[in-house]
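Student: Okay, here's the structure, questions in a sec.
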Protein chains: 2
Amino acid sequence: MIRAGIVVTGTEVLSGAVTDRNGPWLSRELYALGVEVAEIVIVGDRPSDIEQALSLMESQRLQLILTSGGLGPTADDLTVQTVARHLGLEVFTDAELEGRIEEIVRPLRARRGVDAEALRAGNSKQATIPRGAAILEPVGTAPGLVIAAGGPGRADRVVVVLPGPPRELQPMWRQAVDVEPLRGLLAGAETGQLRTMRLFGVPESQLAQTLRAAQRDGVRLDLLEVTTCQHRGELEITTRLRDADAGIYGAFEEMMAATHPEELFSTDGKSVDEQVAALLSGRSIAIAESCTGGLLAARLTDVPGSSRYVRGGLVVYSNEAKVALAGVPQELLVAHGAVSEPVAAALAQGARSALDAEIGVGVTGIAGPGGGTPQKPVGLVWLSVAGPGQQTLTRSVRLPGGRAEVRERAVTVAMHMIRRALQHQRQGVAAA
Amino acid sequence: MIRAGIVVTGTEVLSGAVTDRNGPWLSRELYALGVEVAEIVIVGDRPSDIEQALSLMESQRLQLILTSGGLGPTADDLTVQTVARHLGLEVFTDAELEGRIEEIVRPLRARRGVDAEALRAGNSKQATIPRGAAILEPVGTAPGLVIAAGGPGRADRVVVVLPGPPRELQPMWRQAVDVEPLRGLLAGAETGQLRTMRLFGVPESQLAQTLRAAQRDGVRLDLLEVTTCQHRGELEITTRLRDADAGIYGAFEEMMAATHPEELFSTDGKSVDEQVAALLSGRSIAIAESCTGGLLAARLTDVPGSSRYVRGGLVVYSNEAKVALAGVPQELLVAHGAVSEPVAAALAQGARSALDAEIGVGVTGIAGPGGGTPQKPVGLVWLSVAGPGQQTLTRSVRLPGGRAEVRERAVTVAMHMIRRALQHQRQGVAAA
């Protein structure tokens, strides 16, 4: 298998001020192309640290090295110069490339009134590249590079230099895979697959038991690369496999479906958000939420085109708002408290009536850090889905974590309840 | 300055399935202790790749190496064994530690019905540590380690082994800084400061000009380590400085306040969310939002204690909901369209009336990807803040990016408008 290394440069990333998105994104892209990533190294803008990272990857004989960042017009952006020096390549200023960069930068200059001299120096700096390198045309203002490295006459490894902003890096990487010598290198790779199963309501320890049982039953999981992780309250199983092992993966998937029929909700990579969006097509939904404070409405409307089925939402934080907007009877609040089964159900019904929707969702809970009692601790959330039709689904959960985690997990639970309500309805219709 | 390296292990992080939070967090912690991070290396669970990362850091003569992850009870968690072998240290099973781990695991076993034999093997594995290492007591089930490495009799570097889950790693790191030989190493560090300024409404190119002007005026920015980044539509300037250079930073801050008096909104690290929360204390607010779909209400209620001032919110996605819930006159929608100045103002007033709040906020816009026209393109958002008192602030913005970015940035613009409305009110009262 071809092995690659990724060097992410930038003091703001190394210092923790900004979260790197390029390393993980490139890692996923590479795997789909049959390339395995040995490591991601995050360094500052110091040339010596960039060189150390390149040396490490050289000593590991990695065939492909990708860098992100450090291609800007200013003097502290030194990736191209450092890579060229490290590979022993001479640099020159490509006059044609300089002209193309000038074309891109000119309208920006007019708008912002930037100093002309500084700009010219920047263009020239960005057009200074190693001899023999293939140019990736800029999406922003910085060109990328595909460089053959190794002995004279024969390249034994490829270095790809990409800009730091993800909106530039991503299309330029897609451009790079068709450029020689990278295209040739990738042609020799054995492609693999990245498959995902998603479960809701299965703790990680129980999954470990299921996996052990599968191996006992002869499913050759040892030939697959299975990783599991908790994500937004769901359990995600990501498997990397060679195309040749697709049959083993099929057996694994079947076994999972048999063991966790209710909990396994996705085998095709689709998220619960996408599933709910598809199930809501041609219907209408409204939300009345308290502790989640708008997050459930925000998650439902995150999907383009959701305006066709999301009627609207009520954020009923105060008891007054629960009564006035969602029509929760005052006596329910007095008798059971705001965080209770009848109030959750009344919120769901209230959202449905107030916004004239087919399906109503109610959420009420204690997100913390304050407000908990022994009877109703922080993390207790009541949820209800009213509709479609006469059915109502109401349940409580006790969620772990701090305020943000409780809120986010409550939204995930709600998404799965909506999914279940719509699926049961559909199955009911199919059976009738 | 003491230099450190961070090794993050985990196939799920390397493959991009999970975003690493430990590297950036440890990097920030280290800087505050006067330690500079040379690099963060993310590797899979393969021992040879972990060893390569350790070798790299050795060749750079880093005095401190931190590892995160790979401390679990299963056979694929190999960090301790790999570190020990790399440092040439013998391992043994610490019977007392094994007993303490057993105490922690026993209640979990009872609850989940896990196989007793597998559990015992896991405990023993987690209690197997290098001789001479100091133990960091587990927050989860895995102990951490502080290890002196180097020639016999004299440690010239320190390796700290920490677990992967952030909720375990963070308290265990805080514990580690008081443990020898790490405490001794850190005592020799020259402590620095990490300071933050935040601006809203200044493009990065304009800031670059301000920084150049500052240097011309004699502010020795070359002695500070200044990094800037766009974050959630704001511009964040993070500066690392030695305590001795605090005077220079003071001059920098003064110059920024003089050049960008309206745009510089935070010099003490406080976010606009914290500022708005403080300004809203003793007041009440309500929201009617369309394109942001609940995100503004969610952001305001993200702060603990926000139930004291957030009355509630209306997510009025459809025109019917705008009329029925927020009382927007039908004729305004017909005459100006849903995305317009009068409708934004009517939403703000409507939220205020419907929820009986002092301050009302209205947001209406086109988040895309569909729905744009030449007159009203994707990214156009109208926002309005009504109150406190008689004042109303209404404006439009044209936001870049995709649906998620437009929605998030619109929320940030709204937060700054709320801040400004409340501050002007406060200043008005002070002046009267």
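Student: For A:Phe252, what is the net charge nearby, where nearby means another residue's Cβ is under 11 Å from its Cβ and Lys, Arg count +1, Asp, Glu -1?
Tutor: Net of charged neighbours comes to -2.
Student: Projected onto the charge dipole of chain A (+1 at Lys/Arg Cβ, -1 at Asp/Glu Cβ, origin at the Cα centre), which of A:Ala278, A:Ala133, A:Tyr309 gives the Cα projection farthest towards the positive end?
Tutor: My answer, from the dipole projection, is A:Tyr309.
Student: Over the residues of region B:158-300, compute the C-alpha Rg and express it relative to 2.2 N^0.38 Å.
Tutor: This ratio for region B:158-300 stands at 1.38.
Student: Which order do B:Lys322, B:Lys376 fall in if you start with the one that has the fewest other Cβ atoms within 10 Å?
Tutor: Fewest to most other Cβ atoms nearby, the residues stand as B:Lys376, B:Lys322.
Student: Dividing the alpha-carbon radius of gyration of region A:110-226 by 2.2 N^0.38 Å (N being the number of residues), what value is obtained?
Tutor: The value comes to 1.72.
Student: Right, here's the next one. Suppose we look only past 39 Å in the calculated P(r) of the protein assembly as shown. What percent of the Cα-Cα pairs does that tail hold?
Tutor: For the protein assembly as shown, the fraction of Cα-Cα distances above 39 Å is 48 percent.
Student: Top mean-square fluctuation among B:Ala127, B:Ala321, B:Ala118, Gaussian network model of chain B, C-alpha springs under 10 Å?
Tutor: B:Ala118
Student: Expressed as a rounded percentage, what relative contact order does chain A have, with Cα pairs under 8 Å and six or more residues apart?
Tutor: 10
Student: For chain A, count the residues as N, evaluate 2.2 N^0.38 Å, and divide the Cα radius of gyration by that value, please.
Tutor: Cα-based Rg divided by the globular estimate yields 1.24.
Student: Calculate, in whole percent, how much of the Cα-Cα pair population of region B:295-432 lies beyond 26 Å.
Tutor: 21
Student: If r is the Cβ-Cβ distance from A:Gln193 to B:Val334 and R0 is 56 Å, what FRET efficiency results, to the nearest 0.05?
Tutor: It comes out at approximately 0.60.
Student: What does region B:253-317 give for Rg and for Dmax, in Å, if only its C-alpha atoms count?
Tutor: Both quantities, over Cα of region B:253-317: 14.7, 44 Å.
Student: Same structure again: Give me A:Met172, A:Met1, B:Met57 sorted ascending by neighbouring Cβ count inside 10 Å, so fewest comes first.
Tutor: Neighbour counts put them in this order, fewest first: A:Met1, A:Met172, B:Met57.
Student: Computed on alpha carbon atoms, what radius of gyration and Dmax characterise region A:2-187, expressed in Å?
Tutor: Cα radius of gyration and Dmax of region A:2-187 are 15.9, 48 Å respectively.
Student: Given the pairs B:Lys270/B:Lys322; A:Lys270/B:Lys376; A:Lys322/A:Lys376, which are separated by over 23 angstrom at their Cα positions?
Tutor: Pairs exceeding 23 Å: B:Lys270/B:Lys322; A:Lys270/B:Lys376.
Student: Which net charge results for the neighbourhood of A:Ala357, defined as the other residues with beta-carbon distances under 11 angstrom from its beta-carbon, given Lys and Arg at +1 and Asp and Glu at -1?
Tutor: 0
Student: Helix-only estimate, please: 222 nm mean residue ellipticity of the protein assembly as shown, summing -39500 (n - 2.57) across DSSP H runs of length 4 or more and dividing by its residues, to the nearest 500.
Tutor: -13000 deg cm²/dmol
Student: So, one more: By count of other Cβ within 10 Å, fewest leading, how are B:Glu408, B:Glu168 ordered?
Tutor: By the 10 Å Cβ count, ascending: B:Glu408, B:Glu168.
Student: With Rg and the Kirkwood Rh both taken from Cα atoms, where does Rg over Rh land for region A:192-269?
Tutor: Rounded to two decimals, Rg/Rh equals 0.92.
Student: Karplus couplings for region B:187-198 from phi (6.51 cos²θ - 1.76 cosθ + 1.60, θ = phi - 60°), rounded to Hz, Gly and Pro as x?
Tutor: Whole-Hz 3J(HN,Hα) from phi for region B:187-198: 4, x, 7, 7, 6, x, 10, 10, 10, 10, 10, 10.
Student: Just want to confirm a number: the relative contact order over region B:271-363, from Cα pairs under 8 angstrom separated by 6+ residues, in percent.
Tutor: That works out to 35 percent.
Student: Another question, if that's okay. If contacts are Cα pairs under 8 angstrom and at least 6 residues apart, what is the relative contact order of region A:2-187 in percent?
Tutor: Relative contact order here is 22 percent.
Student: Also, I was wondering about something else. As a test of understanding, state the convex hull volume per residue of region B:304-347 from its alpha carbons, in Å³.
Tutor: 81
Student: In whole angstrom, note down how far apart the Cα centers of region B:74-96 and region B:117-144 are.
Tutor: Between the Cα centres of region B:74-96 and region B:117-144 lies a distance of 9 Å.
Student: Moving to a separate point now. Nm distances between the label at B:Gly327 and the same-position labels in the remaining copies, 7 Å along Cα→Cβ, shortest first?
Tutor: 2.0
Any read-out appearing in this document is the output of simple, stated calculations on the displayed coordinates, not a laboratory observation. In this text, all values refer to a predicted model and were calculated from it rather than measured experimentally. Ideal geometry is used to build each Cβ from the backbone, glycine not excepted, and the neighbour counts take in all protein chains shown.
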